[in-house]
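Asks: First the structure, which I've put down as structure tokens, then a few questions once you've had a look.
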Protein chains: 2
Amino acid sequence: MSQCCEGDLECPCPPIGLIDVVGKKWAVCVVSLLGKYGTVRFGPIQHCLSGVSPATLTSTLRSLEREKLIRRVFVDGARGPVQGYTLTPSGNQLYQSLLPLAGWLRSA
Amino acid sequence: MSQCCEGDLECPCPPIGLIDVVGKKWAVCVVSLLGKYGTVRFGPIQHCLSGVSPATLTSTLRSLEREKLIRRVFVDGARGPVQGYTLTPSGNQLYQSLLPLAGWLRSA
DNA sequence: CGGAATCCCATACGATACTG
DNA sequence: CAGTATCGTATGGGATTCCG
């Protein structure tokens, strides 16, 4: 993965590694969803994203986990604990700084 | 391109089409660069992005042009007019709403 | 210098089937 | 319900070459 940047201009570019994570097709959606609703389980996330394939969603969730932007949590359901996903503090910072962009994207 | 969103949760996700543009590996870098420096030519952009291949850079620039986020301009150089790229008003709005995210990405 | 054309590869993504 | 496994395709992106 090449590094940005090495030119004469001072580089305003974010690190490529995080771009790769945030740039994943559904990553921004998942972060926005968790930011808005707190803890969400696998099924509702998948349903909200119009039936994205479970493999793809899992891949997105795992990469977000690796970057410590989300984490798995267990909540008490009617029949025992169930899993869910929620933002880490770092993920919540991302969510906050993502809000203006998300707003602009929707209005553009 | 599947649509987001159709679940019970109200969807906070931005449109997928623009995600695809902004999510391109170098798109955020280019927008940040033009936002900071105004008009920049092909060469300096490429150099600043650590020698990204011309094909890739061209692809990025074209997709940004299609979305009317940047446009080509001609400026008077020493030996006749030369080309450059600059943000459109819409692109500048994107740049503004991108600043918090770019800042967070760099600090994360 | 500013690209366009071509080739090639890695992988993101979707579809489907299956498991605990 | 919450994934995992497998497969196939589309395409983003790098390397190289060539052109005005």
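The values are calculated or read from the model by the stated rules, or taken from the named source; none is laboratory data. All of these numbers come straight from a predicted model, not from anything done at the bench. Please note: Cβ atoms are built from the backbone with ideal geometry, for glycine as well, and neighbour counts cover all protein chains shown. These accessible areas exclude ligands, DNA and RNA; they are computed on the full protein's heavy atoms, side chains included. Shrake-Rupley method; radii C 1.70, N 1.55, O 1.52, S 1.80 Å.
Asks: How high is the FRET efficiency between A:Thr39 and A:Ser107 when r is their beta carbon distance and R₀ equals 30 Å, given to the nearest 0.05? Don't jump to the answer; show the numbers that get you there.
Replies: On the way: r = 28 Å, r/R0 = 0.94.
Using R0 = 30 Å, I get an efficiency of 0.60.
Asks: Can you run phi through the Karplus equation (6.51, -1.76, 1.60; θ = phi - 60°) for the stretch B:33-42 and list ³J(HN,Hα) in whole Hz, with x for Gly and Pro?
Replies: 5, 5, x, 7, 10, x, 10, 10, 8, 3
Asks: As a test of the definition: with a 1.4 Å probe, what buried accessible area, both sides summed, do you compute for B against A, in Å² to the nearest 100?
Replies: So the buried area, both faces added, is about 4300 Å².
Asks: Every other copy gets compared here: list the nm distances from the A:Pro44 label point (7 Å along Cα to Cβ) to its counterparts, shortest first, one decimal.
Replies: Ordered by increasing distance: 4.9 nm.
Asks: Skip the ligands, DNA and RNA, and give the accessible area per residue of the stretch A:16-97 with a 1.4 Å probe, whole Å².
Replies: For the stretch A:16-97, the solvent-accessible area averages 46 Å² per residue.
Asks: Could you pull the copy-to-copy label distances for B:Thr56, with points set 7 Å along Cα to Cβ, in nm to one decimal and sorted shortest first?
Replies: 2.3
Asks: Can you give the net charge of the other residues whose Cβ lies under 12 Å from the Cβ of B:Ser32, counting K and R as +1 and D and E as -1?
Replies: Summing Lys/Arg as +1 and Asp/Glu as -1 gives +1.
Asks: Rounded to a whole number, what % of the accessible area of the protein assembly as shown do carbon and sulfur atoms account for, probe 1.4 Å?
Replies: 51 percent
Asks: List every residue whose amide H lies under 5 Å from the amide H of A:Ser50, counting only residues 5 or more places away in sequence or on a different chain, with H placed 1.01 Å from N in the peptide plane.
Replies: The list, which skips near neighbours in sequence, is B:Glu6, B:Gly7.
Asks: In the stretch B:59-108, which residues give up 20 Å² or more of accessible area once the other protein chains are added, compared with their chain alone (1.4 Å probe)?
Replies: B:Gln93, B:Leu94, B:Ser97, B:Pro100, B:Leu101, B:Trp104, B:Leu105, B:Arg106
Asks: I've got another one for you. In whole Hz, what ³J(HN,Hα) sequence does the stretch B:57-67 give by Karplus (6.51, -1.76, 1.60; θ = phi - 60°), x for Gly and Pro?
Replies: Result, rounded to whole Hz: 5, 4, 4, 5, 5, 5, 5, 5, 5, 4, 7.
Asks: Just checking the output field for A:22-33: average partner chain Cβ neighbours within 10 Å of each residue's Cβ? Spell out each step's value before the answer.
Replies: Working: counts 7, 8, 2, 7, 4, 2, 9, 8, 1, 2, 5, 8.
The per-residue average across the peptide is 5.
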